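A short worksheet on the structure shown next.
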């Protein structure tokens, strides 16, 4: 992906394009018909057999399977891998890039009653986006609906289809969005030959001095395997200096959940949004944890099985 590819997260997604998923087992997140979580809700115990899978899937935000390199999953047994942006991040990036193409100032009408504009635009790399945008000309607030059809806005990014309801605030003085909220049900995402269905919410807040925050609560179904993972309270915070922190909880349907933190902030590329340095930590039960350490050529995965010492995860 090119400009704005974050981080779902990792989103970097909206923040880049427009500047430019957890608590214990139960509720929360964005449930939706056809895409709900029914997997393990207890905290995962991480070991040499599952640490790599859980950590990399948590980074991606979805249980993808061991051959989907573009969403960060690597061949089992390899000690390191080439970095790729997470699926959630890529989707948020695509949504954010499409938002940037909207023109709230194109809405015309009496300020007292608000204004509305309808339009269809073509994706930069294929597909279409049809939208209805309702704007309050007094305070800049807006809402409406998007309908994506095989839409791709970011080169080599995901292809998305489905309907989205949205709301937010548009700063009419600066000509920029300051916040944006999306809600969707059974939204279809295709990347690298794999298809996923997601339901939930993604929210963006931009900072005046650059950077911003993306928060995602999503259920994601791998349409090949039928498994559903849960991204809960994933928060991607990007500074104006291109450092990124990620927090949240990831529910793996087989192993349970891990909590995500960023003990060493990630340094991300201003062009691709991919991390080139930094550490993500995934905390499991019984003193176990895993970590991903990023470098200029990729990343490595290590596991602490409760001994207090990290070793390479096979």
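The values are calculated or read from the model by the stated rules, or taken from the named source; none is laboratory data. All values reported here derive from a predicted model rather than from experimental measurement. Using ideal geometry, Cβ is built from the backbone for each residue, glycine included, and neighbour counts are taken over all protein chains shown.
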Subset of the stretch 295-308 (residues that are under 20 Å from the mean Cα position of the chain (by Cα) and surrounded by fewer than 22 Cβ atoms within 10 Å (Cβ to Cβ)): 298
Test result for residue 172, surrounded by fewer than 20 Cβ atoms within 10 Å (Cβ to Cβ), under 27 Å from residue 127 (Cα atoms), out of contact with any strand residue (DSSP E or B) (no Cβ under 6 Å at 6 or more places or on another chain) and at pLDDT below 90: no
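Let's see how each residue does on (1) more than 13 Å from residue 45 (Cα to Cα); (2) touching a helix residue (DSSP H, G or I) at 6+ places or on another chain (Cβ under 9 Å):
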position	(1), (2)
259	no, no
263	yes, no
274	yes, no
279	yes, no
285	no, no
293	yes, no
305	no, yes
313	yes, yes
Strands (runs of 3 or more DSSP E) contained in the stretch 182-288 and holding at least 3 residues farther than 23 Å from residue 164 by Cβ: 243-252, 256-268, 275-283
Every residue from the stretch 98-133 that is surrounded by 15 or more Cβ atoms within 10 Å (Cβ to Cβ) and at pLDDT below 55: 104, 107
Some residue of the stretch 287-294 being under 21 Å from residue 206 (Cβ atoms), in contact with a strand residue (DSSP E or B) (Cβ under 8 Å, 6 or more places away or on another chain) and buried (at least 20 other Cβ atoms within 10 Å of the Cβ): no
Hits in the stretch 233-250 - residues which are more than 12 Å from residue 204 (Cα to Cα) and touching a helix residue (DSSP H, G or I) at 6+ places or on another chain (Cβ under 6 Å): 250
